[in-house]
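Laboratory data are not the source of any read-out in this text; all were calculated from the coordinates shown. Since the model is a prediction, treat every value here as computed from it, not as a measurement. Here the Cβ positions follow ideal geometry from the backbone for every residue, glycine too, while neighbour counts run over all protein chains shown.
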Amino acid sequence: MTPDRQDKDTPSPLGSLKDALGGYLSARGHSLVGKAGERIGGLTDRLTASANGDGDGNGNGNDNGGGNGGSKRGGGGKSGAGSIKATHIMEVVDIGVPLRVVYDQWTQLQEFSDFTKGVRSVSAEDEVTSNWNLKVGPSSRSWKATVQEQVPDERIVWTSEGAKGSTRGVVTFHELAPRLTRVVVVCEYYPSGFFEKTGNLWRAQGRRLRLDLKHFARHVTLVDEEEVEGWRGEIRDGEVVRTHEEAVEEENDDEEDEYEDDEEEDDDDYEDGDGDYEDGDGDYEDEDSEYEADEDEEDEYEDEDRARRRR
């Protein structure tokens, strides 16, 4: 029997192959879609658990420690289960202003809310600690910052703690030229909270710091340099080792010593000039002596002339 005369009810080998291939592709497609859905669901569960502080960061819940996955926040905001990862931020900006002016302006913390977008208010408790109110999305966050080390015109090291995270950071100041200063800011940020952790995934904190640093550069460039008065004290290990008043007094003493040294140098130069003048007087006296010698010779010539006439 030829293929053309086959019974229509009898399936052909080619048709069976097509049906089998179609079934395989359909099953494979359903399998891929199912796996993709499982992965998306797992990612959503992990993100939700991480944002709520539950589980071990892999979607596995744990009731130990009051539903927080048994993780405990220690100093610096690190998680014992490793669910909270630090965001490392480093930003650099060059400002066409003398080093001292840039540093002094940075120490004026209460003015940060005037030119930054993320800082709402800053109030200083003392020379070491200050309270910050920051804008995070539609909400506000409060932080308490503590200066660990502060060396005038060089660097400031600080830590901050809040209900929604913690930070460790350092800002350094570098003189590139008499009127060109480089500012380098390095931070480690440990978020805690839904908005903070969600923003941490997209590096929102780094973009905010970069923008605020540009606003600082604009502010210190346009401000009158003579009006900037910074805090010149020194802090070591979280304690003030030299107050602002002591630092200013030492600077004034140094300026007076330099002024006295300059005056002494000017006096020495003036005395050297007097010595030259005295040497000039000596030359003048020598000329007078020569003139007197000439007069003596003329007197002797007149005496000889008179003697010849008498003869």
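Here are some notes:
- In sequence order, calculated HN-Hα J values of segment 217-224 (Karplus, 6.51, -1.76, 1.60; Hz; x Gly/Pro): 4, 5, 5, 6, 6, 8, 6, 6
- Amide proton proximity set for W231, modelled H, under 5 Å, gap of 5+: T107
- Model label points for K135 and D153, set 7 angstrom from Cα along the Cα-to-Cβ axis, are 3.6 nm apart.
- Approximate spin-label separation K85-D114, in nm, with each point projected 7 Å along Cα-to-Cβ: 4.0
- Evaluating 6.51 cos²θ - 1.76 cosθ + 1.60 at θ = phi - 60° for every residue in segment 85-100, the Karplus couplings come out as 10, 7, 9, 9, 10, 9, 10, 10, 9, 9, 10, x, 9, x, 4, 4 Hz, glycine and proline recorded as x.
- Take each peptide in 85-92, 182-189, count the other Cβ atoms within 10 Å of every residue, and average; sorted highest first, the result is 182-189, 85-92.
- Rounded to whole numbers, the Karplus 3J(HN,Hα) couplings from phi for segment 233-246 are x, 10, 10, 9, 6, x, 10, 6, 9, 8, 6, 4, 5, 5 Hz, using 6.51 cos²θ - 1.76 cosθ + 1.60 with θ = phi - 60°, and x at Gly and Pro.
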